[in-house]
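Here's the structure we're looking at; comments come further down.
The values are calculated or read from the model by the stated rules, or taken from the named source; none is laboratory data. This one's a predicted model, so the numbers in the text were calculated from it and none came from an experiment. For neighbour counting, all protein chains shown are included, and Cβ atoms are generated from backbone atoms with ideal geometry for every residue, glycine included.
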Amino acid sequence: MTDPGATLLARVAGAVGPAQVRTDAGDLAPHLLDWRGRYRGAARALVLPGSTAEVAAVVSICRELRVPVVPQGGNTSLCGAATPSPDGGAIVLSLARMQRVRSCDVANAALTIEAGAPLAAAQAAAEQQGMMFPLSLASEGSCTIGGVLSTNAGGTAVLRYGNARELVLGLEAVLPDGRLFEGLRSLRKDNTGYDLKQLFIGAEGTLGVITAAVLKLYPAPRSRATALAAVPDVDAAVRLLGMLRDALADRLVGFELMSAFSTALSRRHHPHLPDPLPGHPWYALVQADDAASDEAMPERVEAALGRAVEAGTVVDATVARSAAQSAALWALRENISEGQRREGPNIKHDIALPVSAIPRFLRDAEAALSRALPGLRFVVFGHLGDGNLHYNLSAPEGTAASAFMGNEDVANRIVYDLVAAAGGSISAEHGIGQLKRGELRRYKPAVEIELMARVKAAFDPEGIMNPGKVL
């Protein structure tokens with residue numbers, strides 16, 4: 001009797017080549033553990049197609065044999081979205097070999113790139129043509145275009161340029177039945193019915209495998225400024241955001257909020273990082289760009305911050321005077337997550353709120369959590385400019401991490417109930433994955449869950465595409 005597993009591997013090897021079907025434990029291991037070390041799965045094989053046609057062939061075989069497919073890019077998901085289940089029935093479909101820049105149309109300000117390319121590669125390809133792809137994340141050297149689009153990633157420039165969804169002109173994807181969605185159009189106006197590409201963006205690989213995308217480019221900045229401002233509280237940070245919007249308009253690209261404890265964690269585990277304004281409870285990291293003028297942006301930002309100091313909104317501030325100083329300030333922000341990871345397991349919340357609601361949320365959440373879990377250490381940072389907070393909780397000093405993580409349900413209920421009451425979202429940019437499936441059903445209106453389930457059933461009636469994620 002023929003072994004179904006052997007048939008699967010033989011047929012897939014015929015589609016992509018035997019060398020691109022890996023079953024050795026050493027080859028599989030890095031693809032079976034999520035970035036946070038929270039989820040560990042198993043798989044029949046790691047499959048590495050080299051083209052869209054090969055992806056389609058593999059998915060067709062898996063659909064015929066009812067084998068689950070887990071698409072994977074850089075494996076940097078914070079919600080377990082790219083980790084297979086422990087039952088070992090799936091294949092992991094890695095896009096790592098699909099990294100070509102297919103075209104860069106400067107006149108149309110559009111870049112066509114394959115899904116396995118790192119985000120940094122898209123940025124570099126645009127820069128080579130004197131353009132800019134503005135999406136920027138701390139993991140941009142390892143996260144891939146496919147993963148970024150599958151989670152509708154945000155990052156540090158959403159205030160000016162929007163989430164990934166707003167930066168995509170066209171998309172190519174392999175459907176769960178192996179057919180190809182050929183949507184690699186670079187049009188800014190295409191009003192011919194439903195915008196189907198948007199269904200794949202943010203779907204976390206549950207509706208198909210994104211294989212390439214047309215990305216929207218912008219003129220590269222000619223003048224840039226980075227500044228760090230110390231503020232007495234988050235209310236002042238919100239006021240500063242308004243003042244800088246008035247002063248800089250759409251030149252204001254990023255506005256990051258960081259608590260003193262979050263920056264201390266970043267420096268504790270990265271001792272080379274700067275501490276230019278010590279001793280304050282909250283900090284705002286500001287980025288401003290101008291593509292149309294050579295006028296010195298640092299002076300414009302400095303003048304705006306000076307007015308904020310005079311108004312009592314800002315206590316102290318510093319403006320980077322070189323690219324190296326700017327990079328150091330951003331490194332302080334971007335290494336918070338890694339610093340927290342090294343500190344030990346923590347309870348993470350990637351939430352979105354109306355900017356105006358954030359100060360009250362922070363006061364109410366800290367009070368409620370401190371009553372329920374005395375001694376908590378609050379690691380609060382994020383993209384205040386677009387209302388996205390990374391509201392994370394570290395164990396009290398001396399508390400075993402394993403014991404502390406047993407409080408996750410208690411902490412989540414307090415945080416998410418307050419978020420929902422403020423009209424916010426339990427996931428701003430990290431997605432749902434495995435981590436928040438239950439929370440999604442608790443906080444998403446029933447009619448929306450029903451519609452999502454209908455879309456999933458229409459695209460993937462066999463349920464083979466990244467099962468167990470989102471829904």
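In the range 1-44, of all residues being under 15 Å from Ser94 (Cα atoms) and of a type in the set (S, T, N, Q), the one that is surrounded by the fewest Cβ atoms within 10 Å (Cβ to Cβ) corresponds to Thr23. Residues that are within 19 Å of His383 (Cα to Cα) and of a type in the set (D, E, K, R) within the range 273-332 comprise just one, Asp289. Output the residue which, of all residues in the range 169-191 that are without any contact (Cβ under 8 Å) to a residue 12 or more places away in the chain and part of a loop (DSSP other than H, G, I, E, B), is surrounded by the most Cβ atoms within 10 Å (Cβ to Cβ). The qualifying residue surrounded by the most Cβ atoms within 10 Å (Cβ to Cβ) is Asp190. When the range 50-88 is filtered for residues that are within 16 Å of Asp177 (Cβ to Cβ) and in a strand (DSSP E or B), the ones remaining, listed by number, are Val69, Pro71. Identify all residues within the range 60-78 that are under 21 Å from Thr151 (Cα atoms) and either in contact with an Asp or Glu (Cβ under 8 Å, 6 or more places away or on another chain) or outside the structural domain of Val12 (by TED's automatic domain parsing) (or both); write none if there are none. Once the filter is applied, which keeps residues that are under 21 Å from Thr151 (Cα atoms) and either in contact with an Asp or Glu (Cβ under 8 Å, 6 or more places away or on another chain) or outside the structural domain of Val12 (by TED's automatic domain parsing) (or both), the range 60-78 yields Asn75, Ser77, Leu78. For the list (1) closer than 17 Å to Leu285 by Cβ; (2) surrounded by fewer than 18 Cβ atoms within 10 Å (Cβ to Cβ); (3) touching a residue at least 24 places away in the same chain (Cβ under 8 Å), I need the number of the one condition that Leu257 fails. Condition not satisfied by Leu257: (2). For the criterion of being aliphatic (A, V, I, L, M) and surrounded by fewer than 22 Cβ atoms within 10 Å (Cβ to Cβ), Leu435 fails. Scanning the range 443-461 for residues that are surrounded by 14 or more Cβ atoms within 10 Å (Cβ to Cβ), farther than 22 Å from Ser85 by Cα and charged (D, E, K, R) returns a single hit, Lys444. Restricting Ala324, Ala328, Ala317 to residues that are surrounded by fewer than 16 Cβ atoms within 10 Å (Cβ to Cβ) and of a type outside the set (S, T, N, Q) narrows the list to Ala324. For the range 333-353, the criterion of being modelled with pLDDT of 95 or more, assigned to a loop (DSSP other than H, G, I, E, B), closer than 27 Å to Val286 by Cα and in the same structural domain as Ala411 (by TED's automatic domain parsing) is met by at least one residue.
When the range 399-416 is filtered for residues that are surrounded by 15 or more Cβ atoms within 10 Å (Cβ to Cβ), farther than 24 Å from Arg40 by Cα and at pLDDT 95 or above, the ones remaining, listed by number, are Ile414, Val415, Tyr416.
Put simply, of Leu207, Leu167 the only residue that is under 22 Å from the mean Cα position of the chain (by Cα), farther than 21 Å from Ser139 by Cβ and of a type in the set (A, V, I, L, M, F, W, C) is Leu207. Inside the range 174-203, can you point out the residues that are more than 25 Å from the chain's Cα centre (by Cα) and among the aromatic types (Phe, Trp, Tyr)? Across the range 174-203, the qualifying residue is only Tyr194.
Of the residues Thr318, Thr263, which is under 24 Å from the mean Cα position of the chain (by Cα) and within 18 Å of Leu329 (Cα to Cα)? After applying the criteria, what remains is Thr263. Restricted to the range 89-136, and to residues there that are in a strand (DSSP E or B) and acidic (Asp, Glu), the residue that is farthest from the chain's Cα centre (by Cα) is Asp105. Looking at the range 282-306 only, could you name the residues that are of a type outside the set (Phe, Trp, Tyr), under 20 Å from Ala237 (Cα atoms) and either in a loop (DSSP other than H, G, I, E, B) or without any contact (Cβ under 8 Å) to a residue 60 or more places away in the chain (or both)? Correct list: Leu285, Ala303, Gly306. Each residue in the range 107-123 was checked for being without any contact (Cβ under 8 Å) to a residue 60 or more places away in the chain, over 19 Å from Glu204 (Cα atoms) and in contact with a strand residue (DSSP E or B) (Cβ under 9 Å, 6 or more places away or on another chain), and 2 of them qualify. Listed by position, the helices (runs of 4 or more DSSP H) enclosed by the range 192-281 that each have at least 1 residues that are of a type in the set (Gly, Ala, Ser) are 234-248, 260-269. On the stretch given as the range 210-254, residues that are touching a Leu at 6+ places or on another chain (Cβ under 8 Å) and without any contact (Cβ under 8 Å) to a residue 24 or more places away in the chain total 1. Among all residues of the range 394-409, there is none that is within 23 Å of Gly154 (Cβ to Cβ) and among the β-branched types (Val, Ile, Thr).
Before we move on, is Gly438 in contact (Cβ under 8 Å) with a residue 24 or more places away in the chain and not charged (D, E, K, R)?
It is false that Gly438 is in contact (Cβ under 8 Å) with a residue 24 or more places away in the chain and not charged (D, E, K, R).
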